[in-house]
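Quick notes on the structure that follows.
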Ligand code: FES
């Protein structure tokens with residue numbers, strides 16, 4: 001399968017804040033780090049385009065700062081609305097985070113050890 005991995009930031013750069021907005025071409029991407037995983041979401045909320053990178057990480061979800069919709073980090077699913085925020089495939093190689101906007105997440109590739117996060 002053809003992939004389109006784009007180099008974004010190091011795990012260390014993301015790790016300080018656990019949230020980061022990056023641009024990939026014309027697409028704003030919100031990166032999140034929770035536990036030992038890194039997640040990539042389309043940054044602009046599907047509701048009214050607020051930046052999810054300015055949201056709050058809580059219990060495996062990102063809470064939008066606009067109207068508090070809560071998107072599951074694994075799936076992008078918002079249970080109360082029965083809607084999904086677009087999410088993207090992430091991989092980490094040599095402490096560098098890559099995203100592929102053409103692929104859905106495969107979280108088997110995203111795990112990082114705590115040692116890598118320090
Ligand atoms: S803009 Fe995200 S919940 Fe309204």
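Anisotropy class assigned to the chain is prolate, per the alpha carbon gyration tensor with a/c at or over the 1.5 cut-off and a/b larger than b/c.
With 10 angstrom as the radius, rank 82, 106, 74 by how many other C-beta atoms surround their C-beta, starting from the fewest. The partial results should precede the final answer.
Details: 82 7, 106 11, 74 14.
So the ranking, lowest neighbour count to highest, is 82, 106, 74.
How many angstrom lie between the C-alpha centres of the range 14-34 and the range 61-82? First find each Cα centre; the distance between them is then 16 Å.
Read the figures in this text as sums done on the coordinates, not as results from a lab. Every value quoted in this text rests on a predicted model; they were computed, and no experiment measured them. Ideal geometry is used to build each Cβ from the backbone, glycine not excepted, and the neighbour counts take in all protein chains shown.
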